[in-house]
1. State the number of residues belonging to segment 100-110 that are free of Cβ contacts under 8 Å to residues at least 12 places away in the same chain and not charged (D, E, K, R).
2. In segment 98-112, what count of residues is obtained for those that are under 17 Å from Asn59 (Cα atoms) and either more than 10 Å from the chain's Cα centre (by Cα) or assigned to a strand (DSSP E or B) (or both)?
3. Just checking, does segment 78-93 include any residue being part of a loop (DSSP other than H, G, I, E, B), within 24 Å of Lys47 (Cα to Cα) and modelled with pLDDT under 95?
Amino acid sequence: MEKAGTGIKRVTNACKSNENQVSFNFSDSFWVTIRSNEKVVEKVVEKVVEKVVENITDNQKTIVELIKGNQHISARELAIEVGISHRKIQENIAKLKELGILNRIGPAKGGQWEVIGQ
């Protein structure tokens, strides 16, 4: 109970300590807008990317490294280089896309890969 009624003050203090901007709007509803400090956001993104990369398999790491070396490499070429089936390459690529590590730019033929945050 001792913290009842102190929420706005606690939010304001927390935002100030993290160098964020906060504003409150009271009308027929209650709005809280927090503008984040870009430095903090960059650090969080870096940490998340590090954690995600730590949690990918060796085959997925190899796929990422091969794509870094050749953004136009095909899934069939990746299968040969990594030593796994074409189907497994597609599954690994789908997982890397889902994790936000890989992105495909353009069509299947003639497009290229983009390694995000690396």
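The values are calculated or read from the model by the stated rules, or taken from the named source; none is laboratory data. Here the structure is a predicted model, which means the values were calculated and not measured. With ideal geometry, Cβ positions are generated from the backbone for all residues, glycine too; neighbour counts draw on all protein chains shown.
1. Filtering segment 100-110 down to residues free of Cβ contacts under 8 Å to residues at least 12 places away in the same chain leaves 104-110.
Checking which are not charged (D, E, K, R) leaves us with 105-108, 110.
Of the residues in segment 100-110, 5 are free of Cβ contacts under 8 Å to residues at least 12 places away in the same chain and not charged (D, E, K, R).
2. First pass over segment 98-112, keeping only residues under 17 Å from Asn59 (Cα atoms): 98-102.
In the following step, the residues that additionally are either more than 10 Å from the chain's Cα centre (by Cα) or assigned to a strand (DSSP E or B) (or both) were identified as 102.
Residues meeting the conditions: 1.
3. Our first condition is that a residue be part of a loop (DSSP other than H, G, I, E, B); within segment 78-93, this holds for 83-85.
This time we only want the ones that are within 24 Å of Lys47 (Cα to Cα), so: none.
There is no residue in segment 78-93 that is part of a loop (DSSP other than H, G, I, E, B), within 24 Å of Lys47 (Cα to Cα) and modelled with pLDDT under 95.
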